[in-house]
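What follows draws every value from the coordinates through simple rules; no lab data is involved. For clarity, every value in this text was computed on a predicted model and none was experimentally measured. So basically every Cβ, Gly included, is an ideal-geometry build from the backbone, and we count neighbours across all protein chains shown.
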Amino acid sequence: MNTVKTVRELRAAIARARAEGKRIAFVPTMGNLHAGHVALVEKAGQRADFVVASIFVNPLQFGPSEDLARYPRTLIADQEKLVAAGCHLLFTPEVEEMYPQGMGLQTRVSVPSLSEGLCGGSRPGHFEGVATVVTKLFNMVQPDLAVFGEKDFQQLAVIRALVRDLNMPVQIVGEPTARADDGLALSSRNGYLNDEQRASAPALYRMLGRLADAIRGGETDFAELIDSGNAELIAAGFRPDYLEIRESNELQPASANDQQLVILAAAYMGTTRLIDNLAFDR
């Protein structure tokens, strides 16, 4: 695996792969990689001949009170994981490489509607930062396909809309959420949990499963389900941020007639904000 830090080096390496007739897959990350990220890279390798990954902790998607400064940077360990997963090229730009004019003067990309509410409501400006950096990375790499995890369900919907609306020739591939044996969705932020919090955290996914089972069993009082779900989270030691039932395509509030649904939740365990979701058909 080759590691490059500049757009010029990145494009030169990709041009060589293109000249050899290779299909390019891309996996953008913020590093501190875990088994979920590895699964994305492995999926990319199944779909393409040349796998590019990026590690960039994007300040544009962090709010002023969020954990940008303490977000874990583990480059050497990440490189080892990427090599084992079959990655061919790693792009690790500095902030100045990504935003040479400074972030204040950076052109922004905004995806309306899908970016609103849920994590967009709790983290104002977050999805504008995501959409902007993903647009820049897609323009730099120009991949045939890109792989994203379904744990960030709203983010995946935003990126699909971005690609559709801006006519980008990139296939977006979703990869199911990777989970620990007890059901907790793998996340770089799980490392912030102490032992007691980590033991309680799987209650988030159990609650989602209980609500999904109730809906599949014919329950249609979504407000009642949400109230009971929040109570369950509080009893487990969480401080709920949001818990919502949406239709899974455009993420509009679910109606009694919608067949494809997703339950999305975010909650704090101590100071650590965890997100999860469960998509299902009625």
Here are several values of volume of the Cα convex hull per residue in Å³: (1) 150; (2) 121; (3) 132. Which one was derived from the coordinates shown?
(3)
Working from the pairwise distances between different alpha carbons, so that the mean of 1/r is found and then inverted, what is segment 125-282's Kirkwood radius in Å?
16.8 Å
Residue farthest toward the positive end of the dipole of segment 26-161, with Cβ of Lys/Arg at +1 and Asp/Glu at -1: which of 72, 119, 103?
119
Segment 1-152, relative contact order [Cα under 8 Å, separation at least 6], %:
36 percent
Residue separation between residue 84 and residue 257 times 0.36 nm, minus their alpha-carbon distance, gives in nm 57.7 nm
Report, in deg cm²/dmol and to the nearest 500, the calculated mean residue ellipticity at 222 nm for the chain, where each DSSP H run with n ≥ 4 adds -39500 (n - 2.57) and the sum is divided by the residue count.
-11500 deg cm²/dmol
Reachable lysines from residue 81, criterion Cα separation under 19 angstrom, eight or more residues apart if same chain
5, 43
Per 0.36 nm of contour for each residue apart, how much would the distance between residue 247 and residue 103 grow if the chain were fully extended, relative to their Cα-Cα spacing?
48.4 nm
Rounded to 0.05, the calculated FRET efficiency for the beta carbons of residue 19 and residue 167 at R₀ = 22 Å is 0.30
